[in-house]
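Report on the structure given below.
The values are calculated or read from the model by the stated rules, or taken from the named source; none is laboratory data. Computed from a predicted model, the values in this text were never measured in an experiment. Positions of Cβ are generated from backbone atoms using ideal geometry, with glycine treated the same way; all protein chains shown enter the neighbour counts. Accessible surface is based on the protein model in full, side chains and every heavy atom, while ligands, DNA and RNA are left aside. Shrake-Rupley method; radii C 1.70, N 1.55, O 1.52, S 1.80 Å.
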Amino acid sequence: MTVYRVEDMHCSHCEAAVVRAVEEVPGVEKAKASASASTLTIKGPATEESIRKAVEGIGYTFKGKA
């Protein structure tokens with residue numbers, strides 16, 4: 001599991017949008033987002049750059065590993 005920081009998530013709708021986008025990335029087996037902690041937890045071998053592109057592609061700020 002890898003934990004990343006994602007800013008601008010404010011609610012469960014935001015969490016769901018981030019999870020949907022990230023779970024489309026090759027190498028992501030499972031994703032979980034927490035708006036209250038501003039974190040995204042990823043299971044799988046996806047690259048940080050591919051996660052960044054997915055998160056920023058839907059308008060959120062990706063800050064890298066937590």
Residues that are more than 15 Å from residue 56 (Cα to Cα), surrounded by 11 or more Cβ atoms within 10 Å (Cβ to Cβ) and touching a residue at least 40 places away in the same chain (Cβ under 8 Å), drawn from the stretch 1-15: 2, 3
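Residue by residue, here is whether (1) farther than 14 Å from residue 3 by Cβ; (2) surrounded by 15 or more Cβ atoms within 10 Å (Cβ to Cβ); (3) touching a helix residue (DSSP H, G or I) at 6+ places or on another chain (Cβ under 9 Å) holds:
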| residue | (1), (2), (3) |
| --- | --- |
| 22 | no, yes, yes |
| 27 | yes, no, yes |
| 33 | no, yes, yes |
| 43 | no, no, no |
Test for residue 59: is it on the phi > 0 side of the Ramachandran plot, modelled with pLDDT of 95 or more, out of contact with any strand residue (DSSP E or B) (no Cβ under 6 Å at 6 or more places or on another chain) and open to solvent by 30 Å² or more (accessible area, probe 1.4 Å): yes
